[in-house]
Amino acid sequence: MALFPKKVESFLGLNAAVAGVSAFGKHPCYADHLPLDLGDQSQIAARLRQTFYNGGIIARVGDWENLEKAGKAIPFGHYVLYRDKDGAALLRLWPSSDSVQRSDIPLVLAAVATGVSVDWLIAHAADVLADAEPRCKAARTLEELRAVVQSADEEMRKRAAAAKKEAAEPLGSRLAELSPAETAGLVAALRPLWEYIPLDGDSRAELPDRAATSRSIAWATPPLEGLSRWSALIDAALGGRIYQYFLIAPDQTVGSGGWIDLIVGEPGHRQFTCLRAGPAAIPPAAAKSDELTDDFGMKALAWLRKLSGGKLAV
């Protein structure tokens, strides 16, 4: 069964669909960071290596060591959705080590695409990455790992070549399914992003110098579906303007559900500390009833109600 029976947004661009898979990080078959030539060499893949891997993972190892000492760290095991003006990528991270047993860096598989919808990417990339993950873990040499990545890269390219534009499912139908508690949680998660995401009627000519961040328990599970929902909502808030953002969903759960970290805008290195920060280190945005009636809360509810076609539960 397909992950998403209906697609929820239009294609990312006007160009023909193009996709690929790359790998970076550490693997037991290699003594250091993996070579840069594993798989897709697109501009998006290069940007992810620089911004997410070099700046977001390698640069944060010290922070995570401190979190581990304090008992507030979670292990690697994430899906990450990346979006910018050129396309999108779905990343899969899991714990790994190099051949000398240094285990502070994960292995990352990144499926990148242009010219397809975010939901097409999530559905197809999740399938391809799920097939490649155990084969990557089983690889014993760099040549074997390279063959796995090349196979996944070829599969994504083949699927993109056959991609067809599909009808969109309105975002409103997803919003209409929310309970009042979930609506309040959505508003709580949107609040820290307010300086970056202009809701209806609020135009800002200039963006902040830094990214806005939030941790949401609303729309967080299942993780892949949560990434899809939040991407559609952020795109709606941006009104067709595409800015850089990362949506990060860990495998771990908290109580009866998980969370999604939202980084909208150009990220600073420290904002990726969230990757291994558990809820004791970064609590999810909490829904408070009185915050639904302040200026932001009223405006956010009105916007969500409009998107839902008047069917929002409050």
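None of the figures in this text is laboratory data; all of them are computed from the coordinates on show. Given the structure is predicted, the values throughout are model-derived calculations rather than measurements. Cβ placement follows ideal geometry from the backbone for every residue including glycine, while neighbour counts extend to all protein chains displayed.
Brief remarks follow.
- A dipole drawn for the chain from +1 and -1 charges on Cβ atoms has a positive end, and of Ala163, Pro28, Ala113 the residue lying farthest that way is Ala163.
- Computed from point charges on the beta carbon alone (+1 for Lys and Arg, -1 for Asp and Glu), the dipole magnitude for the stretch 171-307 about its Cα centre is near 140 Debye.
- Taking each of Lys26/Lys69; Lys137/Lys158; Lys72/Lys299 in turn, the alpha-carbon distance tops 26 angstrom for Lys72/Lys299.
- Whole-angstrom gap from the stretch 40-62 to the stretch 149-189, using each part's C-alpha centre: 24 Å
- Where trypsin sites (Lys or Arg not before Pro) in DSSP loops with at most 15 other Cβ within 10 Å are excluded, longest remaining stretch of the chain: 7-84
- Charged side chains reduced to their Cβ positions (Lys and Arg at +1, Asp and Glu at -1) give the stretch 18-161 a dipole of some 180 debye around its Cα centre.
- Separation of the Glu195 and Gln50 label points, Cα + 7 Å toward Cβ, nm: 2.5 nm
- Once both labels are positioned 7 Å from their Cα atoms along Cα-to-Cβ, the gap between Val61 and Ala302 label points is 5.1 nm.
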